[in-house]
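Everything below concerns the one structure shown next.
The values are calculated or read from the model by the stated rules, or taken from the named source; none is laboratory data. Just so you know, these numbers come straight off a predicted model, no measurement behind them. Positions of Cβ are backbone-derived with ideal geometry, glycine not excepted, and every protein chain shown enters the neighbour counts.
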Amino acid sequence: MDECLARLRELAGPELYRGNAFRTAGLPTGATRGEVRSRYREAKVQGAVGPGWERVLAAFEVLRDPRHRIVHEMFWYWGSPSGSCGCSPSSPLHQDHDEAVRLHSRLLDAELDASGRGEAAEGRPGGEREWEEAAGLWSALVEREDFWCHLRRRADALDDPRLEPSSVDAVREELPRALVMPVARLAAGAEDADHLVRCCLAWSGLGEHLLDDVFDEVLALSYDSASDALRAAGQQIRSGSPAAAADLLTATAVPVLRRLKPFASHASQRRAAEVLDLGADRLGACAVLLAGGPPPSAGAARVHPEACTTLLGLAEEFAVSPETRSSVSASRILLYGASGAGDAARRPEGLGGSAAPPPEVFSPPPEAFSHGSGFLRTMVAGFAGFIVAQGAADDLSAAIAIGAASAAVSAFGLRLRSRGRT
């Protein structure tokens, strides 16, 4: 890989400007080799025994390698045109470039500081409108041929055989990605990424599939983490351990799903939507199965009804597709009736099992008993649910089918007892 390209990819993070070698060394981008050496000696005398010297030393090492230096020059102030770049004094290029650097660096540094302090999105400086302005300034530069002519002349002026003419072309192709990557990395690691994702969208004009590729890269670890947790939870659900699955989901998967959720609104991020839907499916299945399981054995902890309500709420939070939202809604109706009222008096402690729950804990909707034939149909559907569950497409569908069957059986027993037939 071209060394300039490798350096650009390495630099393209939240500290794009804060880690700039010229900024750290206190040098202008047009500094000669002699000026770099002189400044290094001054800095060594002033800070060799002070804190941060390693960072300063690293900056001077960067400036000694023209392949690294030319990349850092792009992301710091150029000042007035000089003979080493060949730009006309009347050209607005340097001024336009420096304005783009000034605004983008201020916004990125502010977001980096705010993320470090854990500030809420509404409390952060640099609204989306300013990000759109910064993206517009940089987008205009990327399209200007005189911008790239400047860099080629600067590469010639550095006069080092290690810096090949093709390096500027490699940088040109990579620059759009390097510009959006810093804020995308911040968004991928943020607890509340909505604001930062909107900042990313400001750069969409730099390339048709730019954001698709950048999001795929910065979210790769989150996708892997969520997928592993959801896969393990699915295995626990199928093995009859919904409580263990619920614990795993809430501890491991839910934080990752919350980080992924803002990205699901971007049309290209189908994988984010798929992972969120799968998470909703697993959470909903746990809620239904925990509510519908048999009473705990002596000495075992009973599933608190609040846990089922919490799991259903999480499933509703993460459901994206209409199909998944419908499944989650069906599970809520199953547990709480058509009204969906999850008040404490109606929250389930068990929908089935060897002993049916008392009427005050769970009662089927009154309309289930209004017509004998209707209730029979409910019973038939409930028993059929056990069979349907065997071939269900997902865990939530299977859980709803099992829950419906358990509910119908329990309701039938309650109805018979109320008539004195048991």
Given the criterion among the charged types (D, E, K, R) and assigned by TED's automatic domain parsing to the domain that holds TRP138, identify the matching residue among ASP224, ASP194.
ASP194
Can you tell me which residue among ASP146, ASP156 is part of a helix (DSSP H, G or I), without any contact (Cβ under 8 Å) to a residue 24 or more places away in the chain, on the phi < 0 side of the Ramachandran plot and surrounded by fewer than 18 Cβ atoms within 10 Å (Cβ to Cβ)?
ASP156
Search result, residues across region 188-243 that are over 30 Å from CYS308 (Cα atoms), over 16 Å from the mean Cα position of the chain (by Cα) and aliphatic (A, V, I, L, M)
ALA202, LEU206, LEU210
Region 208-230 - residue that is in contact (Cβ under 8 Å) with a residue 12 or more places away in the chain and in a loop (DSSP other than H, G, I, E, B) and, of those, surrounded by the fewest Cβ atoms within 10 Å (Cβ to Cβ)
HIS209
Quick check on GLY52: is it of a type outside the set (Lys, Arg), over 25 Å from ASP159 (Cβ atoms) and out of contact with any strand residue (DSSP E or B) (no Cβ under 7 Å at 6 or more places or on another chain)?
yes
Candidate set: region 108-127, residues that are buried (at least 16 other Cβ atoms within 10 Å of the Cβ) and at pLDDT 60 or above; chosen: the one nearest to GLU191 (Cα to Cα):
SER115
Restricted to region 174-207, and to residues that are farther than 27 Å from GLU3 by Cα and acidic (Asp, Glu), which residue is surrounded by the most Cβ atoms within 10 Å (Cβ to Cβ)?
ASP192
